């Protein structure tokens, strides 16, 4: 079974600075998908960024980028120019591809609470 | 396009009762997944429905069940409620397959007393 580990329960960053959230995972599959989700205090979970394991290029979405190291099974999230609105719980998640008997099931890490200081 | 909606948003039940939660996915989405979120266990997968069929099930007791209707709306039911069932129940829908993301609803906060 796949597992996802987020080793930083809490992180803080100054507004306008850069922060990196860590995520490692364990799987025997060669193809899979990885996601970072954000859950603000309002509780609505939203997707931040996604990565397909077969793509070597790291995904980027505006101020958010990932460092995907497949061999090390590492998938960290970098937030540049942090804003107050970035304060939230961040969850790293893993999904198997449907072709390999998977489903839409997401395996989540425990989350990292990010505080942004003005 | 309307997002994922969940009803009710808040619910208080007594131990031993049963409860039904509802989820309406985004129009056109055929996959609906349910998750339980608690401070201790985090986010745990309950089950996924696709085209009215349960495609995957998490490690929860048989008291937790669900179904999906032909319009893709889904319900989950918890029978014989226990205090430990108090949680935020999240529903997510997706187009299914590939790198499509799951869109989450606001959740139903269930409190069991």
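Values quoted throughout were computed directly from the atomic coordinates according to the rules given, and no laboratory measurement underlies them. All figures in this text were calculated on a predicted structure; none of them were measured in a lab. Note: ideal-geometry Cβ built from the backbone for every residue, glycine included; neighbour counts use all protein chains shown.
List of remarks:
- Here, the protein assembly as shown has an Rg and a Dmax of 17.6, 52 Å when only alpha carbons are counted.
- Over the range B:13-73, the reciprocal of the mean inverse Cα-Cα separation, the Kirkwood hydrodynamic radius, stands at 12.8 Å.
- Quarter of the Cα convex hull surface for the range B:60-113, i.e. its orientation-mean projected area (nm²): 4.8 nm²
- Based on alpha-carbon atoms, the Kirkwood radius and the radius of gyration of chain A give Rg/Rh equal to 0.97.
- Spin-label model distance (nm) - residue B:83 vs residue B:53, 7 Å beyond Cα toward Cβ: 4.2 nm
- In this simple spin-label approximation, residue A:46 and residue A:1 carry label points 7 Å from Cα along the Cα→Cβ vector, and these lie 3.2 nm apart.
- Kirkwood Rh in Å, taken over all unlike Cα pairs in the range A:70-116: 12.9 Å
- The alpha carbon centroids of the range B:1-18 and the range A:1-32 are separated by 30 Å.
- Distance between the range A:35-67 and the range B:19-89 - C-alpha centres, whole angstrom: 24 Å
- For chain B, the alpha carbon positions stretch 39, 27, 26 Å along the principal axes, listed from largest to smallest.
- Taking 7 Å steps out from each Cα toward its Cβ at residue A:56 and residue A:31 produces label points 1.8 nm apart.
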